[in-house]
Amino acid sequence: MYASREDIGYDFGDDSKVGSKPVKPNPNIDGGWAWMIVFSSFLVHILIMGSQMALGILNMEWLEEFNQSRGLTAWVSSLSMGITLIVGPFIGLFISMCGCRMTAIIGGILNALGWILSAYASNVHYLFFTFGVTAGIGSGMVYLPAVVMVGQYFQKRRALAQGLSTTGTGFGAFLMTALLKYLCTEFGWRNAMFIQGAISLNLCVCGALMRPLSPRYLSEKSVVRSNSEDNQAKALSHSTETVKSNGVLGDEPEKKEEAANEEVLESVQHIEIGGNSKGGRNMYGLRILKTVSQLTVTVRKGFALWYSSYFGASSLFTNRVFVAFIIWALFAYSSFVIPFIHLPEIVKQYNLSSQNNVFPLTSIIAIVHIFGKVILGIISDLPCISTWNVFLMANFTLVTCILTLPLMQTYVGLAVVCALIGFSSGYFSLMPVVTEDLVGTKHLANAYGIIICANGISALFGPPFAGWIYDITQKYDFSFYIAGLLYMVGIIFLLIQPCIQKKEPQEKSPEEAQV
């Protein structure tokens, strides 16, 4: 059904030029420091996504403390989850200018600050700004670099690497649920958030581990991947040439701009050498000028890449399959988030608290979620298996479970459905792989930023909507039914668009026209 972006006829100029010389890849690609990147990303998923999956514990504490409606209180968790993902496109700009390492370190500090300030909350609205906005932005600044770095360091085993790193979400949901429950019981929810803020400072360490690859190795990695994909897409290569002829940004203007920037820096260095005899004050001023010039060059190049990805001739939005992917993301994530936020309340309604206390349903989702990500990643890396088809099958299973969950009113029935939700939601590890196949490594940060932004919008409105429906009907059933149906609409978009794309008549190349 779908193999790579060449099958659909899109090329963003990052790996279209295949060199004739043999490429000697970086030894850290698919090995060496690449596994430290996986470990760093794994810890990020534990501390960020795992903590957010455990917010149902704090949600119950906030309901008792502030005595507000379920719909209003659910906005705290939704803002944190939603903003973490919604800021993705803007974090892509930070990554383009500052790099993944610096972006992640700043985000770790901001996330910890949000947790600590939330410990002093006097009302729910205070939590909107401290936990929802501050901690949410900080989480987004760490989460996107963690995903992008894994994509940069792996070529052959991308799905497995992403699967291993994102299993941190499942481990984190299991560990953080137990930790927050213990801390809230022993110290109260305010001290629990303060302690969690201190723990979140470890995100800065994770960011420090994100050692960047040099641009030379990134380009070599793109060439190697292009070589392997070219053998599968020769029959449709003329459609790629058509897209190029329609205005994909070339490399020449970028090279000219780089040359001009180098001239500026060389002139500054020349002045600095000539000014050695004029005293230390002039030297200090010239060094500041040189630093400002280098920073300006970096910002301009980063902004140019970010702008061209969204608004230029090679805009990501010219890829219609990618646009369908965005529409799917707008409906998908809320179906996964709603059970985590509202399952503790559902269990309480069904008088299953004693059984749930022994083994919480959210922990079942989290544990099986770990195996789902790894197993789906291994299956997707098999040469005879299409990542796209695995991705779609997992989505179908998840939407079926979401529609079935309200029908289960026993602990065993809920446990089985929750286990299936956990396994099928393992497709999250395939999202960066599918995105990279669509747009290439160069545009991965910006493209994945758009996808998680759409997921963030879904997460932002999903739990409050479920709480609002409950306030009206005193049931959560309709919340799951509506969320499941919207999710199904997104899956239909994914099914239809590639078929339309393949059926469209493609322009003939000049050689074919002559024949």
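Can you give the Kirkwood hydrodynamic radius of the stretch 367-468 from its Cα pairs, in Å with one decimal? After inverting the pairwise mean of 1/r, the radius is 15.1 Å. Annotation: per residue accessible area for the stretch 351-440 equals 36 Å², rounded to a whole number [probe 1.4 Å, protein chains only]. Among 477-486, 143-152, 53-62, sorting by the average number of other beta carbon atoms lying within 10 angstrom of each residue, highest first, gives 143-152, 53-62, 477-486. Mean sequence separation of contacting Cα pairs (under 8 Å, at least six apart), scaled by the length of the stretch 365-421, corresponds to a relative contact order of 44 percent. Remark: the stretch 79-92, residue by residue, has Karplus-estimated 3J(HN,Hα) of 4, 5, 5, x, 5, 3, 9, 5, 6, x, x, 6, 5, x Hz, where x stands for each Gly or Pro and the curve is 6.51 cos²θ - 1.76 cosθ + 1.60 at θ = phi - 60°.
Roll a 1.4 angstrom probe over the protein heavy atoms and tell me the percent of accessible area of the stretch 27-212 that is carbon or sulfur. Here carbon and sulfur together make up 69 percent of the probe-accessible area. One chain, two ends: residue 205 and residue 472. Fully extended at 0.36 nm per residue, the span grows by 91.6 nm beyond their Cα-Cα distance. Each Lys and Arg contributes +1 and each Asp and Glu -1, all at the Cβ; summed about the Cα centre of the stretch 27-212, the dipole is approximately 520 debye.
Among the listed pairs 181/348; 181/475; 348/475, which have their C-alpha atoms separated by more than 20 angstrom in this model? Over 20 Å Cα-Cα: 181/475. Residue 33 contributes about 70 Å² of solvent-accessible surface, heavy atoms of the protein only, 1.4 Å probe. Taking Cα centre as origin and charging only the Cβ of basic (Lys, Arg, +1) and acidic (Asp, Glu, -1) residues, the dipole magnitude of the stretch 306-494 rounds to 40 debye. With both labels modelled 7 Å from their Cα along Cα-to-Cβ, the residue 400 to residue 416 distance reads 1.3 nm.
When 187, 423, 336 are compared by accessible surface with a 1.4 Å probe, the order from highest to lowest is 187, 423, 336.
Give me the percent of the accessible area of the stretch 306-494 that comes from carbon and sulfur atoms, probe 1.4 Å, all protein chains in place.
Details: 4750 of 6360 Å².
Its accessible area is 75 percent carbon and sulfur atoms.
Length available on full extension from residue 371 to residue 320: 0.36 nm per residue minus the Cα-Cα distance, which gives 15.1 nm. Take the Cα radius of gyration of the stretch 306-494 and divide it by 2.2 N^0.38 Å, N being the number of residues; the result is 1.09. Sorting the segments 41-51, 352-362 by their mean number of nearby beta carbons within 10 angstrom, highest to lowest, gives 41-51, 352-362. Taking all protein chains into account, the per residue accessible area for the stretch 47-196 stands at 33 Å² (1.4 Å probe).
The values are calculated or read from the model by the stated rules, or taken from the named source; none is laboratory data. This is a predicted model, so every value here is computed, not measured. So basically every Cβ, Gly included, is an ideal-geometry build from the backbone, and we count neighbours across all protein chains shown. Heads up: the accessible areas ignore ligands, DNA and RNA and are worked out on the full protein's heavy atoms, side chains in. Shrake-Rupley method; radii C 1.70, N 1.55, O 1.52, S 1.80 Å.
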